[in-house]
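Below you'll find the structure, written out as structure tokens, and then a few comments.
Readers should treat all values here as calculations from the given coordinates under stated rules, not as data from a laboratory. Quick caveat: nothing in here was measured; it's all calculated off a predicted structure. Counting neighbours? That spans all protein chains shown, and the Cβs are built from the backbone with ideal geometry, glycine included.
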There are 2 protein chains.
Amino acid sequence: MARKISESTIRRLSLYLRFLEEFEERGIETLSSEELAGRGSTTAAQVRKDLSLFGSFGKRGLGYSVQELSATLRRLLGLDRPWRVALVGAGRIGSALFAYDDFRRRGFRIVSVLDSDPGKIGTQWGDVRIQDEARLEQVLAEEKVDIVILAVPGDAAQHVVERVVSSGVRAVLNFAPTKLHVPGQVALRDVNMSMELEALSFALAADDGPGA
Amino acid sequence: MARKISESTIRRLSLYLRFLEEFEERGIETLSSEELAGRGSTTAAQVRKDLSLFGSFGKRGLGYSVQELSATLRRLLGLDRPWRVALVGAGRIGSALFAYDDFRRRGFRIVSVLDSDPGKIGTQWGDVRIQDEARLEQVLAEEKVDIVILAVPGDAAQHVVERVVSSGVRAVLNFAPTKLHVPGQVALRDVNMSMELEALSFALAADDGPGA
DNA sequence: TTGTGTGAATCCCTTCACAGCG
DNA sequence: CGCTGTGAAGGGATTCACACAA
């Protein structure tokens, strides 16, 4: 299973799954690669190539079964099982993420929240009590955490991620605006909101010409 | 100025700028492409290639002037001027974004916040009063908004973005977990947090083998 | 006939390697 | 010398085009 699947392919698989789920709700049973691509932002050939990396799921002359394909994608993406997630950092971003419905809906259960602020430790959030970040290693082990979401300040992030990694967690989603360094076997994704804004700013500045 | 610069190049320019700013603070005056790459996650050749798309900023045998290069990058990225940002959606994500220091620090000023919830309209957030989303078009014009941040529920996002675009705004940062469609001349970036988690889930599932 | 699965062609991005300037 | 700037080579990812299965 250690095929080398590109980042963009994975992103597209997620998209396909979303579209399939929409179609599923509407009771549509069969879909062509053309239709699947049309909704998204890619081509029919790309859809077929992406899927062919994992097997042959379509029927020639007919298309794909919405039910089957969405089940397959869920399995491929690991969404056929619940994941246990810990949230480190109970600040504003942390609390927004904690309440983010889309995570729950997709099977990501935030089973513990940690923070280093004594004013927050012990506070109850829903059915989770905020724990002391000093106990990070114990909590990750006790709660059998699969994925850590980092929502700590930038200057603390590298230190925290090292503790997370040495606790054996193999997947980290980083919201701190810092480039983190982790060993190769750990999956790390960055959500860098400022950098996205900067890309927009670049586009605007390029339109206007320099210094406009 | 309408060169076709790839998305990845822009992302790296942002990174370079961050590193340069760190070095600037530490009083370092000159840097080689090697050093600039080492901090990040790319190669010296890549750094030189990226920069060469815009001009010749280095001195052979010496490297790059930290001061000059960071000023240049700021200009290229459009960070040499303030941008006026409107935030649509004053829910949890919206409020986290409103308080996000990194935006302010980089010159993105949130000059207005809008929501459709009557319970929120009129509420004061810092020096901004939440306005009625019904008045979106007027507010965008009055406040001369350059960039809109969308933090509304997924099913409202497409409708809102169409109103935003028809008001003449040319840059949108979307936090709704929905694929939006906008005309080609509008710059759109998505921050899809669930999809990032799904990429992690994929990596874990691939490690464990299917169904583990 | 329709629409998949897939080699081949193409395009784009990254890496190499080195000429040339300070 | 040291390090940039850049053509050329290499490698991935996307697109094309078509044989083939339903």
Whichever aspartates and glutamates have a C-alpha closer than 18 Å to that of A:LYS4, once near sequence neighbours (fewer than 8 apart) are set aside: A:ASP50, B:GLU196, B:GLU198, B:ASP207, B:ASP208
Label distances, nm, A:LYS4 versus same residue in remaining copies, Cβ-directed 7 Å point: 2.6
Looks like segment A:83-195, by Cα gyration tensor root eigenvalues a ≥ b ≥ c and the a/c under 1.5 rounded cutoff (else prolate when a/b is bigger than b/c, oblate otherwise), is rounded
Rounded to 5, the percent of DSSP beta bridges in segment A:83-195 classed as antiparallel: 10 percent
With the charge dipole of segment B:83-195 built from beta-carbon charges (+1 for Lys and Arg, -1 for Asp and Glu) about the Cα centre, the Cα from B:TRP83, B:MET195, B:PRO153 projecting farthest to the positive end belongs to B:TRP83
How would the protein assembly as shown be classified by its alpha-carbon gyration tensor: rounded, prolate or oblate, with rounded meaning a/c under 1.5 and the a/b versus b/c comparison settling the rest? rounded
Computed over chain A: longest principal axis from alpha-carbon atoms vs helix A:193-208 long axis, angle to nearest 10 degrees, is 60 degrees
In whole angstrom, largest first, the equivalent ellipsoid semi-axes that the Cα gyration tensor gives for chain B are 35, 24, 17
Please report, for A:LEU53, the nm distances (one decimal) from its label point, 7 Å out from Cα along the beta-carbon direction, to the equivalent points in the remaining copies, shortest first. 2.3
Under a Cβ-only charge scheme (Lys and Arg +1, Asp and Glu -1), can you give me the dipole magnitude of the protein assembly as shown about the Cα centre, in debye to the nearest 20? 980 debye
For the protein assembly as shown, what is the percent of antiparallel DSSP beta bridges, rounded to the nearest 5? 25 percent
If each residue's Cβ is checked for other Cβ atoms within 10 Å, how do A:ASP207, B:ASP155 rank with the fewest at the top? B:ASP155, A:ASP207
So what is the 222 nm mean residue ellipticity for chain B from helices alone, if each DSSP H run of at least 4 adds -39500 (n - 2.57) and you divide by all residues, rounding to the nearest 500 deg cm²/dmol? -13000 deg cm²/dmol
Cα long-axis angle, helix B:154-166 against chain B (0 to 90 degrees, to the nearest 10): 80 degrees
Vicinal HN-Hα couplings computed from phi for segment B:181-192 (Karplus, 6.51 cos²θ - 1.76 cosθ + 1.60; Hz; Gly/Pro x): 10, 9, x, x, 7, 9, 7, 10, 10, 10, 10, 10
Taking the rotation that carries A onto B, look along its axis and tell me which residue of A has the beta carbon nearest to it, distance in whole angstrom. A:ALA96, 2
Looking at segment A:1-40, which trypsin sites (Lys or Arg not before Pro) are DSSP coil and have at most 11 other C-beta atoms within 10 Å of their C-beta? A:ARG3, A:LYS4, A:ARG26
Which of the three applies to segment A:7-75, rounded, prolate or oblate, going by the alpha-carbon gyration tensor with a ≥ b ≥ c and a/c under 1.5 meaning rounded? rounded
Placing a label point 7 Å from Cα toward Cβ, how far apart in nm is B:ARG105 from its equivalents in the other copies, listed shortest first to one decimal? 3.3
Relative contact order for segment B:83-195: what percent, with Cα pairs under 8 Å and sequence separation of 6 or more? 24 percent
Apply the Karplus curve 6.51 cos²θ - 1.76 cosθ + 1.60, θ = phi - 60°, to the phi angles in segment A:67-84 and return the couplings in whole Hz, x for Gly and Pro. 4, 4, 5, 5, 4, 4, 5, 4, 5, 4, 7, x, 9, 8, 9, x, 10, 9
